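Worksheet: the structure to be examined is printed underneath.
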Amino acid sequence: MIFTPEKYKIKDERMKPFIDVEEIEGYLESVRPDRQRVLDVIAKSLDKKRLTLEETAVLINATDPDLIEAIKDGARTLKKIVYGNRIVLFAPLYIGNKCINNCAYCGFRAENKDAIRKTLQQEEIKQEIMALEENGQKRLVLVFGEHPEYNADYIAECTKIAYSVKKGNGEIRRVNINAAPLDIEGFRKVHQAGIGTYQIFQETYHPEAYKWYHKSGRKADYNWRVTAFDRAQEAGLDDVGMGALFGLYDWKFEVMAMVRHTNHLEACYDVGPHTISFPRITAASNNCIKPEYEVSDEDFTRIIAILRLAVPYTGLILTAREPAHIRTEALSFGVSQIDGGTKLEIGSYSESVNLDQDLNKEQFKINDDRSLNEVIDELLEKGYLPSFCTSCYRMGRTGEHFMEFSVPGFIKRFCTPNGILTLAEYLMDYAPEHTAKKGWEVIARELKDLEDENVRNEIEDRIEKIKKGKRDLYF
């Protein structure tokens, strides 16, 4: 059955689209930055102030190699100021790949007859989560195709299952969702189920490009998708994650549009997105894309640095779509969350052997198939603090409350201590000896760098409790 956008008119007239193509293109065409202007914009960001559209265009249109390097240096500095050495880890768990949409770039699309469809049953979900817990995962993103079966009630049910599964010292402490936009009542249901962040990617913010890629299915309604976070806010769900799929349209427009989306949310609800994602197109079963919008590695790292400066307090997520060497490079420019040990084939975490990638069973191709411990080991080697922290969500420090803590920079009082404690748990429960050695060395360094002696003493006391078997200690 082909679903047409006419079936899904926007019912709530409060939700109005806000992306002005002429406004964004006007800035991109008119802004001609000189060196001092670029440096002034970087300085504003380093003062931890969100950038305007015009200021973002200044960074985008700076093409001199020295200025591009200055932008990257600014992003490195800002990340250190706001996030310290912490890198948050998570895993995606695909629940089902049925889909009514026909997105030209996606292996799940309805018209792809080669796709092998599967939806995990309750017991299979539990088996997958136990397998993830056995590797040390604490944070999940549950991923759903866009299909009537995967409605708010079903998402809420899967969320509750994920929280209920315990294996040894393993447990899932934060369940994020990547699924179709919901109406206000739907967002209210999943919020009440205890989800963390609700991710919705606009894919491309350019309306005409969007129309070309999304010819049928509910997703063909651009306005319904772009106003999804407004409905979430109306439902009380203030922790959301946005993203664009780079390679569908001009990357400069997409960066500007995401900043515009962020500014819209902050202006209307006093809180921006918790995270921004910026995946690049990778291979998918029978996909169809426009090669002229391919994003080079050089431009991709520029995108990350510009976003870091434009939205200082928003988490930036870089997934296993990217190869390991790009992920390693991009971490320094502002990425704060990555996945590890990722498998996209539905049901593959609980398989006894690693499966070769089969694009007819997956949404797209991943390019970093390292295990979680391999990712952690490299992070430690490079001096980062791997973290499975979930305390802000569980202590109510989300949405506007999160901004109250994070904007002044106080969030580091929680992030570094909680990162240390979750790493200590991982080292005790899951890490091989060579990883544990590196991990305790990083913890010792992080403790030494803490300025507050009382906090340091409290962390050290809690680490001793962890060594004696206590778990889930956080600030």
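Given their separation in residues at 0.36 nm each and the Cα-Cα distance between them, Cys268 and Ala324 gain 16.4 nm when the chain is fully extended. Amide H contacts of Arg174: Leu140, each under 5 Å away and 5 or more positions distant or on a separate chain (H built 1.01 Å from N in the peptide plane; Pro and chain starts excluded). Using every pair of distinct Cα positions in the chain, the Kirkwood expression returns a hydrodynamic radius of 22.7 angstrom. The Rg/Rh ratio for segment 241-327, using Cα coordinates for both the radius of gyration and the Kirkwood hydrodynamic radius, is 0.98.
When shorter helices are ignored and each DSSP H run of at least 4 residues is given -39500 (n - 2.57), the per-residue value for the chain at 222 nm works out to -14000 deg cm²/dmol.
Taking the DSSP beta bridges in the chain as the whole, what percent of them are antiparallel, to the nearest 5?
The antiparallel fraction comes to roughly 10 percent.
The trypsin sites (Lys or Arg not before Pro) of segment 439-475 that DSSP puts in a loop, and whose beta carbon has at most 13 other beta carbons within 10 Å, are Lys468, Lys470. As a size descriptor, the averaged projected area of the C-alpha convex hull of segment 412-467 was calculated at 3.4 nm². Along segment 26-42 the Karplus relation, 6.51 cos²θ - 1.76 cosθ + 1.60 evaluated at θ = phi - 60°, assigns HN-Hα couplings of x, 5, 5, 7, 9, 6, 10, x, 9, 4, 5, 5, 4, 5, 5, 5, 4 Hz to successive residues, with x for each Gly and Pro.
When only Cα pairs below 8 angstrom with a gap of at least 6 residues are kept, the chain shows a relative contact order of 20 percent.
Efficiency by 1/(1 + (r/R0)^6): what FRET value for Glu458 and Lys437, r their Cβ-Cβ distance, R0 = 22 Å, to the nearest 0.05?
0.35
Each of Ala43 and Glu29 was given a label point 7 Å from its Cα along the Cα-to-Cβ line. The distance between the two points is 3.2 nm. Under 13 Å Cα to Cα from Lys219, which aspartates and glutamates show up? Leave out anything in the same chain fewer than 8 places away. Cα-Cα hits under 13 Å: Glu6, Glu146, Glu203. In a reduced charge model with +1 at each Lys and Arg Cβ and -1 at each Asp and Glu Cβ, segment 412-467 shows a dipole moment near 140 debye about its Cα centre. Using a cut-off of 27 Å between Cα atoms, the listed pairs Lys44/Lys211; Lys49/Lys138; Lys16/Lys98; Lys382/Lys470; Lys79/Lys438 include Lys44/Lys211; Lys49/Lys138; Lys16/Lys98; Lys382/Lys470 as exceeding that distance. Applying the Karplus relation 6.51 cos²θ - 1.76 cosθ + 1.60 with θ = phi - 60° to segment 422-433 yields 3J(HN,Hα) values of 6, 5, 4, 4, 4, 4, 6, 9, 9, 6, x, 4 Hz, where x marks Gly and Pro. Label-to-label distance, Glu149 versus Lys382, with points set 7 angstrom from Cα along the beta-carbon direction: 3.9 nm. Segment 80-103 and segment 260-280 have Cα centres separated by 16 Å. Legend: Rg and Dmax of segment 122-206, from Cα coordinates, 13.4, 48 Å.
Any read-out appearing in this document is the output of simple, stated calculations on the displayed coordinates, not a laboratory observation. On a predicted model such as this, the values are computed, not experimentally measured, just so you know. Glycine gets a Cβ as well: all are built from the backbone with ideal geometry, and neighbour counts include every protein chain shown.
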